[in-house]
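Colleague: Following this message is one structure expressed as structure tokens.
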2 protein chains.
Amino acid sequence: MTEKQKEILSIAMELFAKEGFDAVSTSRIAKSANVSEGLIFKHFKSKQGLLDAILQLGQEAVEGLLTSLKEEDSPKEIIRQVIQMPFDMDEEQYHFWRLLYSLKWQADVYDESISEPIKEFLTQAFRKLNYGHPKLEAETLLILMDGIATTVLLKKPKNQNRLMKHVLNKYNL
Amino acid sequence: MTEKQKEILSIAMELFAKEGFDAVSTSRIAKSANVSEGLIFKHFKSKQGLLDAILQLGQEAVEGLLTSLKEEDSPKEIIRQVIQMPFDMDEEQYHFWRLLYSLKWQADVYDESISEPIKEFLTQAFRKLNYGHPKLEAETLLILMDGIATTVLLKKPKNQNRLMKHVLNKYNL
DNA sequence: CAAATTTGTGAGTGATTACTCACTTACTTT
DNA sequence: AAAGTAAGTGAGTAATCACTCACAAATTTG
């Protein structure tokens with residue numbers, strides 16, 4: 001991948017995440033990335049193709065995270081890691097997730113395939129801990145994490161740490 | 001308010017909610033509402049003005065809900081009502097909330113003024129019930145409700161009732 | 001009833017959109 | 001070094017965008 005390709009992807013992800021896919025024009029992306037507009041279409045075929053490439057890269061990064069979860073077998077540790085996830089994101093992850101969350105609301109593009117495997121792990125973990133309704137418990141925790149991710153992505157609250165500890169405490173961690 | 005005005009507002013809210021503010025053109029709104037495009041601008045000045053009018057109406061409807069919460073003084077009942085909120089929406093409320101939630105992700109328009117008063121009520125309720133950290137508890141519940149509202153608005157899950165009862169059960173209700 | 005105001009139309013506006021294309025420049029391969 | 005391929009440019013395109021405006025129809029007011 002060329003330097004300019006990487007630059008286009010990086011700038012586009014940041015702009016899409018901050019302002020929304022529809023609100024950012026290919027001409028603005030080209031200017032911000034110091035690249036001719038034509039190059040975007042040479043490499044990514046269309047604006048949608050550019051978005052697809054961004055999502056593809058992010059998806060692969062997420063799968064890396066999942067692998068480390070898979071190797072963990074202590075149920076308490078699995079739950080702890082899931083709860084901690086939204087609280088430690090670097091800037092690139094931050095942009096990716098913000099983009100992904102904003103795309104949920106665009107017509108019919110919602111995709112829950114990312115959280116589905118995590119739900120499986122959580123269900124197993126709650127079952128091992130003898131929770132009454134492990135699947136429902138996993139769904140509820142995931143929904144809570146979705147809410148937490150949303151507030152972190154949108155509001156960057158100051159007392160994230162207190163919130164995290166409070167949630168961990170609710171699950172005796 | 002004219003019939004055509006109401007029609008414009010209703011159609012625009014539905015389209016904005018389903019496809020996003022940027023993705024819907026004034027020309028499409030006019031066609032869907034069987035109205036000339038000029039009329040939209042005569043009544044609402046700009047596309048942004050149309051959005052503002054929609055949000056204004058929704059805001060007023062929400063304030064009605066808050067009033068009934070205010071009159072409730074049993075802490076358990078307050079918490080129960082907050083938890084039940086996202087599970088009973090009529091179609092118009094559904095469109096309004098979906099629009100509001102999608103707008104969160106547009107650049108810098110996020111507005112938490114709607115949930116702020118609810119947070120106050122909840123904090124008081126948790127305090128009355130001798131929870132250790134009533135404010136943190138209220139924040140956490142609101143974040144969970146935000147996550148639940150998101151899944152209801154996006155996925156319309158089949159077993160909403162089981163989820164609701166599970167959450168109520170977590171708060172001994 | 002007449003005047004005035006409001007409601008409504010539809011053809012137009014310049015600006016911006018995603019995208020194309022003929023072309024040059026840089027790098028690889030033989 | 002010659003030929004072939006990939007990277008990159010920038011001016012152009014038709015379509016669509018939000019918005020305006022001169023005007024007509026309907027309604028309200030004096």
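The values are calculated or read from the model by the stated rules, or taken from the named source; none is laboratory data. These numbers come from a predicted model, not from an experiment. Ideal geometry is used to build each Cβ from the backbone, glycine not excepted, and the neighbour counts take in all protein chains shown.
Rundown of residues vs (1) in contact with a helix residue (DSSP H, G or I) (Cβ under 7 Å, 6 or more places away or on another chain); (2) hydroxyl-bearing (S, T, Y); (3) closer than 23 Å to B:W105 by Cα; (4) not in a helix (DSSP H, G or I), yes/no style:
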site: A:G64; (1), (2), (3), (4): no, no, no, no
site: A:T67; (1), (2), (3), (4): no, yes, no, no
site: A:I118; (1), (2), (3), (4): yes, no, no, no
site: A:R127; (1), (2), (3), (4): yes, no, no, no
site: A:T151; (1), (2), (3), (4): yes, yes, yes, no
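Colleague: Mind checking which residues of the range B:95-114 are of a type in the set (S, T, Y) and either out of contact with any helix residue (DSSP H, G or I) (no Cβ under 8 Å at 6 or more places or on another chain) or buried (at least 16 other Cβ atoms within 10 Å of the Cβ) (or both)?
Modeller: B:Y101, B:S102, B:S113
Colleague: Further, regarding this structure: Determine, yes or no, whether B:E92 is more than 14 Å from chain A (Cβ to nearest Cβ), within 29 Å of A:E19 (Cα to Cα) and away from DNA strand D (no atom under 11 Å from the Cβ).
Modeller: So B:E92 passes the test.
Colleague: For residues in the range B:19-30 being in a helix (DSSP H, G or I) and more than 11 Å from DNA strand C (Cβ to nearest atom), which is nearest to B:S102 (Cα to Cα)?
Modeller: Per the criteria, the residue is B:E19.
Colleague: Quick check on my filter: what residues within the range B:79-100 are hydroxyl-bearing (S, T, Y) and within 19 Å of B:E139 (Cβ to Cβ)?
Modeller: Passing the criteria: none in range.
Colleague: Output the number of the condition that B:G20 fails; it satisfies all remaining conditions of (1) within 22 Å of the chain's Cα centre (by Cα); (2) within 12 Å of DNA strand D (Cβ to nearest atom); (3) away from chain A (no Cβ under 14 Å).
Modeller: Going through the list (1) within 22 Å of the chain's Cα centre (by Cα); (2) within 12 Å of DNA strand D (Cβ to nearest atom); (3) away from chain A (no Cβ under 14 Å), B:G20 breaks only (3).
Colleague: Okay, moving on. Of everything in the range B:73-105, what is at pLDDT 90 or above, out of contact with any Ser or Thr (no Cβ under 7 Å at 6 or more places or on another chain) and part of a loop (DSSP other than H, G, I, E, B)? Give them in sequence order.
Modeller: Residues satisfying the conditions are B:S74, B:D88, B:M89, B:D90, B:K104.
Colleague: Based on this model, can you work out whether B:Q160 counts as under 15 Å from A:E139 (Cβ atoms) and more than 7 Å from chain A (Cβ to nearest Cβ)?
Modeller: yes
Colleague: Inside the range A:1-18, can you point out the residues that are within 11 Å of DNA strand C (Cβ to nearest atom) and either closer than 25 Å to A:V109 by Cα or in a helix (DSSP H, G or I) (or both)?
Modeller: Those that are within 11 Å of DNA strand C (Cβ to nearest atom) and either closer than 25 Å to A:V109 by Cα or in a helix (DSSP H, G or I) (or both): A:E3, A:A12, A:L15, A:F16.
Colleague: Working only within the range B:31-53, note down all residues that are free of Cβ contacts under 8 Å to residues at least 12 places away in the same chain, part of a helix (DSSP H, G or I) and within 13 Å of DNA strand C (Cβ to nearest atom).
Modeller: Listed by number, the residues that qualify are B:K31, B:E37, B:G38, B:K42.
Colleague: Going residue by residue through the range B:65-75, is there one that turns out to be among the β-branched types (V, I, T), surrounded by fewer than 18 Cβ atoms within 10 Å (Cβ to Cβ) and not assigned by TED's automatic domain parsing to the domain that holds B:L173?
Modeller: Yes: one or more hits.
Colleague: When you scan the range A:56-70, do you find a residue that is farther than 23 Å from A:E120 by Cα and within 16 Å of DNA strand D (Cβ to nearest atom), even just one?
Modeller: No.
Colleague: Given the condition away from chain A (no Cβ under 14 Å), more than 16 Å from DNA strand D (Cβ to nearest atom) and surrounded by 13 or more Cβ atoms within 10 Å (Cβ to Cβ), answer yes or no: does some residue in the range B:32-52 qualify?
Modeller: no
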